[in-house]
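Here's the structure, in C-alpha cells; my notes come after.
Computed from the coordinates by the stated procedures, all read-outs in this text should not be read as laboratory data. Keep in mind that this is a model prediction, so the values were computed, not measured. Cβ: placed from backbone, ideal geometry, glycine included. Neighbour counts: every protein chain shown.
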Amino acid sequence: MRNLIFITILSLQLNLSGQTDNEQDFLEKFEGMWASDDTDFFTVFTYSKVYGLKVFSFSFRSDAQVDEKIVKIDGDKIMINVINPNTGHTISGFYRISDDNTLILNYTGGNRDVKKSIYYKVLW
C-alpha cells in the first residue's frame with residue numbers, strides 16, 4: 001500500500017512539474033522587445049521563475065510610459081489592463097504569440113471597438 005501511495009504522489013509531482021515547464025516555455029516566448037508600425041511605443045516582456053512575466057511599454061519619441069498590468073494568463077493569451085491616469089479610462093486587451101517574431105495585441109478602449117496591433121520582435 002505504501003508503494004502505491006508513493007508511486008501516486010511521485011507521478012502527480014512529475015505531471016505537475018511538466019505542466020510548469022510547458023507554461024515556462026510559453027511565457028519565455030514573450031521575452032524581448034517588440035515594436036509596431038501602429039505606435040511609437042516599444043513593449044518589453046521579461047520573465048523569470050521568481051518574478052513571473054512582466055510587461056513594460058515606453059516611447060522614446062514622446063518620453064512617456066504606459067503602465068500595463070497583467071491581470072490573467074489564459075491559455076495562449078496574456079490579459080492586460082491599462083488605466084489612463086489623466087482620464088481614468090481603462091483599456092483592456094490581450095497579447096498572443098502568432099509566431100516566434102510576431103505578437104498580436106487585441107484591445108478595446110472607451111468605445112468598445114476591438115482594435116488590433118501587430119508587433120514584431122526587435123532583433124539585435
Looking at the range 20-56 only, could you name the residues that are hydroxyl-bearing (Ser, Thr, Tyr) and assigned to a loop (DSSP other than H, G, I, E, B)? Thr39, Tyr51
Within the range 91-104, restricting attention to residues that are surrounded by 11 or more Cβ atoms within 10 Å (Cβ to Cβ) and not polar (S, T, N, Q), which residue is nearest to Ser117 (Cα to Cα)? Ile104
Checking Gly75 against (1) loosely packed, with under 10 Cβ neighbours inside 10 Å; (2) of a type outside the set (Val, Ile, Thr); (3) farther than 17 Å from Leu27 by Cβ, which single condition isn't satisfied? (3)
Going through (1) among the small types (Gly, Ala, Ser); (2) loosely packed, with under 13 Cβ neighbours inside 10 Å; (3) part of a strand (DSSP E or B) one by one, Gly88 fails only at (3)
Looking only at the range 89-111, count every residue that is under 19 Å from Leu53 (Cα atoms), touching a Phe, Trp or Tyr at 6+ places or on another chain (Cβ under 6 Å) and either of a type in the set (A, V, I, L, M, F, W, C) or without any contact (Cβ under 8 Å) to a residue 12 or more places away in the chain (or both) and tell me the total. 2
For the structure I just gave you, tell me whether Lys49 is among the basic types (Lys, Arg) and surrounded by 11 or more Cβ atoms within 10 Å (Cβ to Cβ). no
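Taking the range 57-79, which residues are among the hydrophobic types (A, V, I, L, M, F, W, C) and either within 20 Å of Asp37 (Cβ to Cβ) or outside any strand (DSSP E or B) (or both)?
First, the residues of the range 57-79 that are among the hydrophobic types (A, V, I, L, M, F, W, C): 58, 60, 64, 66, 70-71, 73, 78-79.
Within the range 57-79, Phe58, Phe60, Ala64, Val66 meet the criteria.
Would you confirm whether any residue within the range 95-106 is farther than 14 Å from Phe30 by Cα, out of contact with any helix residue (DSSP H, G or I) (no Cβ under 7 Å at 6 or more places or on another chain), in a strand (DSSP E or B) and not basic (Lys, Arg)? Quick ask: steps written out before the conclusion?
So the first thing to find is which residues in the range 95-106 are farther than 14 Å from Phe30 by Cα, and the list is 106.
Now narrow it down to the ones that are out of contact with any helix residue (DSSP H, G or I) (no Cβ under 7 Å at 6 or more places or on another chain): 106.
Now drop any that are not in a strand (DSSP E or B), which leaves 106.
Then keep just the ones that are not basic (Lys, Arg); that gives 106.
Yes.
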Only residues that are more than 13 Å from Val122 (Cβ to Cβ) and not small (Gly, Ala, Ser): list them for the range 38-57, please. Asp38, Thr39, Asp40, Thr46, Tyr47, Lys49, Val50, Tyr51, Leu53, Lys54, Val55, Phe56
Per the filter on the range 89-119, residues in contact with a Ser or Thr (Cβ under 6 Å, 6 or more places away or on another chain) and aromatic (Phe, Trp, Tyr) are Tyr119
